[in-house]
Amino acid sequence: MLKRNLTSELVAKFKEFMDKILEYKKEGKNKEALNAIDDAFKEIFRLSLKFFNSFSDENLLDMIKTDGTINADKCIMMAKLLEEEALIFEDENNLDDAFYMNLKSLNLFLEAYVNKDNNCDLQNYFSDIQPIIEKVQEYKISLSLQNKVMDYYVKTNRYDKAEDILYDMLEHDNSDKNIIEKGINFYEALLVKDDKDLIESNLPREEIKESLCFLKSKL
């Protein structure tokens, strides 16, 4: 209960900061908005934005773990603040830094989605995931992040989009055993779905069987 109360207090602070950040952005005050993002990181996570920008994805995730478990709300807060920084960079045509921040934000959002529970207060921000995916997919992204995006599409029953990511990974390396096995597991799981679910995802059963046979022949 104490942990839950502490998280609720942080969520309230986060929402106050978000209101301030969005107001500054609406007024075209990007510098002030960045300062507010920095203040939010200092208040919620006890470190400045400069430190967060230099941390690896693993470092960021370690910061929001309690007894080895990721706190989904903290993860979302971090992801959203980094997304807002990316949006400011985009507004200033600083596209390289925007891309880098979007990658960090997306990784955190996807981790939060996997680790959320019914007590997660900030689930409405998961609607930001798809727009960020569309932005970063314009460029080459790591296999590890592609894996997470594919898993996200599977969890949200968008099997056609999951297959698109699988094709992208196979295009990168069609002899990678881990990718091939992931594809096999993906198609085998689809075969137990109802035809209605498969038709809605534009994946006919016969096409799935053909793809499965092809991947099995690659092992």
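The values are calculated or read from the model by the stated rules, or taken from the named source; none is laboratory data. Since this is a predicted model, take the numbers as computed values, not measurements. With ideal geometry, Cβ positions are generated from the backbone for all residues, glycine too; neighbour counts draw on all protein chains shown.
Please verify whether Tyr167 is assigned to a helix (DSSP H, G or I) and under 14 Å from the mean Cα position of the chain (by Cα), treating the condition exactly as stated.
Judged against the criteria, Tyr167 is not a match.
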Practice prompt. Please work out which residue is nearest to Gln146 (Cα to Cα), limiting yourself to the stretch 185-211 and to residues that are of a type in the set (A, V, I, L, M, F, W, C) and crowded, with 18+ Cβ neighbours inside 10 Å.
Written response: Phe186
Worksheet entry | Hits in the stretch 122-137 (condition: surrounded by fewer than 19 Cβ atoms within 10 Å (Cβ to Cβ) and part of a loop (DSSP other than H, G, I, E, B)) | Gln137
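Let's see how each residue does on (1) in contact (Cβ under 8 Å) with a residue 12 or more places away in the chain; (2) part of a loop (DSSP other than H, G, I, E, B):
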residue: Cys75; (1), (2): yes, no
residue: Ala79; (1), (2): yes, no
residue: Leu87; (1), (2): yes, no
residue: Glu90; (1), (2): no, no
residue: Asn93; (1), (2): no, yes
residue: Asp96; (1), (2): no, no
residue: Phe99; (1), (2): yes, no
residue: Ser105; (1), (2): yes, no
residue: Phe109; (1), (2): yes, no
Discussion item. Can you find a residue that is out of contact with any Asp or Glu (no Cβ under 7 Å at 6 or more places or on another chain), modelled with pLDDT under 90 and buried (at least 17 other Cβ atoms within 10 Å of the Cβ) anywhere in the stretch 30-51?
Written reply: no
Worksheet item: When you go through Asn147, Asn174 one by one, which is the residue that is surrounded by 12 or more Cβ atoms within 10 Å (Cβ to Cβ), more than 14 Å from the chain's Cα centre (by Cα) and not assigned by TED's automatic domain parsing to the domain that holds Lys74?
Response: Asn174
Worksheet item: Does any residue of the stretch 131-144 turn out to be touching a helix residue (DSSP H, G or I) at 6+ places or on another chain (Cβ under 9 Å), of a type in the set (Gly, Ala, Ser) and over 26 Å from Lys29 (Cα atoms)?
Response: yes
Discussion item. Being polar (S, T, N, Q), surrounded by fewer than 16 Cβ atoms within 10 Å (Cβ to Cβ) and at pLDDT 90 or above is the requirement here; does Asn157 meet it?
Written reply: yes
Worksheet item: Only one of (1) crowded, with 21+ Cβ neighbours inside 10 Å; (2) modelled with pLDDT of 95 or more; (3) of a type in the set (A, V, I, L, M) is not met by Ile64, so which one is it?
Response: (2)
